[in-house]
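A short worksheet on the structure shown next.
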Amino acid sequence: MKKLLCALLAGMLLAGAAGTVLAEEELDISDLVLEEIPMGDLLWDFPVALEDMNPEYIILANKHYLLSKDYVPADLVKVPKDPKKGGILWAGSSQDGKLTGWYLREECANALCELNAAIRAEGGYRDLYLKSGYRSYSKQNTMYKNRLKKNNGKDDGWVSMAGASDHQTGLGCDVVPKNWKDRGMNDKMMKEPECQWMAEHCHEFGFIIRYPADKKEITEINTEPWHMRYVGKPVAAYIKENGLCLEEFTQQLQAAIEDYLARGGDPARVEAFIQKPTDE
Ligand SMILES: [Zn+2]
């Protein structure tokens, strides 16, 4: 928006509409036009600016957009588990290859700790527990097979197949209130004030609720009030404001990219954002 205003202002100045003001302030219009307004920005017609999105944080993982076996996020860190030192309590434990405990990508882990500090500071809520973080392809594969075995070989939509799990991105985390930490999770958790707080405020920390109740048909995953996904603040705010799920956001973004390229936008600026279904 700022850049668009710059463009309009520059246009007015060039047209001589504010000629005298210009002379008084000795503004150099040529610098303003050439340096402040890259052509790509004028062609990018989407509510979230390219520089406000990190392509790695908006990666979509589901059964139509499978992550490869080798996809391991670069900056996984162990999530600190002492809330008094700015961490978040853990529920359960995980052994995933060489990793013991809950890991998330660094920026996501920091955001989760900030979220936990915020709900604690508010008072009146029970402690939140991190119940699951990063899971590798092979860990997910084992979980999926175990689930199928338990369920007579049928996929009941509770455990994603390998490559389709949001947890493999290192940006998906299951966060539950205290009295659910040792219980099987189900959508009744939605009634918990902690989950309602998360749904209302998680975008302020860059998260979205990844599997909302009203998007079940699109995500093809049961309602999960506990599963938050880090996408970065500008994208989270946009998704929240427009009531989208990540699948819908991805669809909009990919259409915006196509439109941008069709109008002569710079392919190098959008290359990293392009995602294609793996089952087509
Ligand atoms: Zn989850």
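What follows draws every value from the coordinates through simple rules; no lab data is involved. The shown structure was predicted, so the numbers you read here are calculated from the model rather than taken from an experiment. Reconstructed Cβ throughout: ideal geometry from the backbone, glycine too, with neighbour counts over all protein chains shown.
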Taking 7 Å along the Cα-to-C-beta vector as the label spot, tell me the Ala74-Asn222 distance in nanometres, rounded to one decimal. 3.7 nm
I need the per residue convex hull volume for region 34-118, using only the alpha carbons, in cubic angstrom as a whole number. 191 Å³
Report the residue, chosen from Trp180, Trp226, Trp197, that carries the largest GNM mean-square fluctuation when the chain is represented by alpha-carbon nodes joined by springs under 10 Å. Trp197
Between Glu271 and Asp214, what's the calculated FRET efficiency when r is the beta-carbon distance and R0 is 22 Å? Round to 0.05. 0.10
So, counting K/R as plus one and D/E as minus one, what does the shell of residues with Cβ under 9 Å around Lys215 add up to? -3
Listed peptides 158-170, 141-153, 231-243, 92-104 by packing density, highest first (mean Cβ within 10 Å): 158-170, 231-243, 92-104, 141-153
Convex hull over the Cα atoms of the chain, averaged projected area in nm²? 18.8 nm²
